[in-house]
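The values are calculated or read from the model by the stated rules, or taken from the named source; none is laboratory data. Just so you know, these numbers come straight off a predicted model, no measurement behind them. Here Cβ is always computed from backbone atoms with ideal geometry, including for glycine, and neighbour counts include all displayed protein chains. Ligands, DNA and RNA are stripped out before the accessible areas are found, and what is left, the full protein with its side chains, is counted by its heavy atoms. Shrake-Rupley method; radii C 1.70, N 1.55, O 1.52, S 1.80 Å.
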Amino acid sequence: MTSLAGHRYVFDNDSTHSDEQHRCLAAAYDPPTTAALAATGVGPGWRCLEVGAGGGSVAHWLADRVAPTGAVLATDLNPRHVRAAPGLTVARHDVTRDPLPEAEFDLIHARLVLLHLPDRLAVLDRLVRALKPGGWLQLDEFDISYGPALAGPDLPLYERFLTAKAELMEAAGALGTWGRSAGAAMTAAGLEAVEASPHVWTWDRNSPGLHLLVHHTHHLRDKFLAFGFTDDDLTRVRAVMADPAFRACSCVFYTVRGRRPA
Ligand SMILES: C[S@@+](CC[C@H](N)C(=O)[O-])C[C@H]1O[C@@H](n2cnc3c(N)ncnc32)[C@H](O)[C@@H]1O
């Protein structure tokens, strides 16, 4: 799936690994995402747009919140993992180029989507225009430039793995530090009351955020091989992350919220 000529989104929702990807994302990041969404006051009657809905867990959370009179539109380049539900409409949609209604939504949310899109600032402008006056935009995005290993065996291998992952994502058009600049970009796009909250965790082998990285060793295996890793390296880095002594600081996960002026 291509969003701009020459750039391909690295994770494929048709992959046999994508159910696991969406399970890991929901387990690791739904708690901070939904806590920040709840702070907007989202409730019955709101019209919401969930962009790049992935496995659909946040779209379902929103549909429950806005019931019985509200509505949620969940879109994705490939929405095959989003279950239909009362109050929830699912649509195949490329946010970089398919039409979006103007001034339609009380709340728009996108998690770990704009990070992957080379034309993210143009997408941000489109999302701002799709908000009603007074409507909220929340972007949840990583800064993967920080995330040191803290304890355990073969930490240089883990750090080399993180570097290769950052490089292969950037080669596909992602911006690994987007989380840190999303707030300033939202202000520049005309939103007000913009607040960016960074979240970091200590990861061990039981952490859902770390399980997402383990999953990447499978889902992105071919790309790791193209970036200098071998299958043996991938097996060894999985063993590092499964070690009881392993500890790492997570990457930084930003929840960023702002409002279209009323
Ligand atoms: C990293 S996943 C995140 C999924 C979900 N937002 C979450 O955080 O659990 C990124 C999602 O964005 C979708 N996506 C990528 N490019 C897109 C585009 N141009 N338009 C709409 N969705 C897109 C992908 O198909 C994928 O489901």
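Scan segment 109-140 for residues that are within 10 Å of the ligand (Cβ to nearest atom) and assigned to a strand (DSSP E or B) and jot them down.
Selection gives His109, Ala110, Arg111, Asp140.
Just to be sure before I move on: is Cys24 within 22 Å of Phe142 (Cα to Cα) and either more than 8 Å from the ligand (Cβ to nearest atom) or aromatic (Phe, Trp, Tyr) (or both) in the structure I sent?
So Cys24 fits the description; yes.
Scan segment 18-34 and tell me whether some residue there is modelled with pLDDT of 95 or more and outside any helix (DSSP H, G or I).
no
Restricting the search to segment 160-207, which residues are farther than 19 Å from Trp136 by Cβ, part of a helix (DSSP H, G or I) and open to solvent by 80 Å² or more (accessible area, probe 1.4 Å)?
Within segment 160-207, Arg160, Glu167, Glu170, Arg180 meet the criteria.
Out of (1) in a strand (DSSP E or B); (2) within 16 Å of the ligand (Cβ to nearest atom), what's the single condition that is false for Asp106?
(2)
Just checking, does segment 92-100 include any residue being in a strand (DSSP E or B) and within 15 Å of Val51 (Cβ to Cβ)?
Among the residues of segment 92-100, at least one is in a strand (DSSP E or B) and within 15 Å of Val51 (Cβ to Cβ), which makes the answer yes.
Going by the conditions given, is Ser250 small (Gly, Ala, Ser), out of contact with any Gly (no Cβ under 9 Å at 6 or more places or on another chain) and surrounded by 14 or more Cβ atoms within 10 Å (Cβ to Cβ)?
No.
In segment 80-103, which residues are open to solvent by less than 20 Å² (accessible area, probe 1.4 Å), more than 17 Å from Ala130 (Cβ to Cβ) and near the ligand (Cβ under 10 Å from one of its atoms)?
Val82
If you go through segment 47-71 one residue at a time, how many are in a strand (DSSP E or B) and within 12 Å of the ligand (Cβ to nearest atom)?
Total meeting the criteria: 3.
Residue by residue through segment 215-262, note down the ones that are of a type in the set (Phe, Trp, Tyr) and outside any helix (DSSP H, G or I).
The answer is Phe227, Phe229, Phe246, Phe253, Tyr254.
On the basis of being within 22 Å of Gly179 (Cβ to Cβ), of a type in the set (Gly, Ala, Ser), under 17 Å from the mean Cα position of the chain (by Cα) and crowded, with 18+ Cβ neighbours inside 10 Å, does Ser57 make the cut?
yes
Output yes when any residue across segment 195-211 is among the basic types (Lys, Arg) and under 17 Å from the mean Cα position of the chain (by Cα), and no when none is.
no
This table checks each residue for (1) open to solvent by less than 70 Å² (accessible area, probe 1.4 Å); (2) more than 11 Å from the ligand (Cβ to nearest atom); (3) more than 21 Å from Gly135 (Cα to Cα).
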position	(1), (2), (3)
Thr16	no, yes, yes
Ala28	yes, no, yes
Ala36	yes, yes, no
Gly41	yes, yes, no
Gly45	yes, yes, no
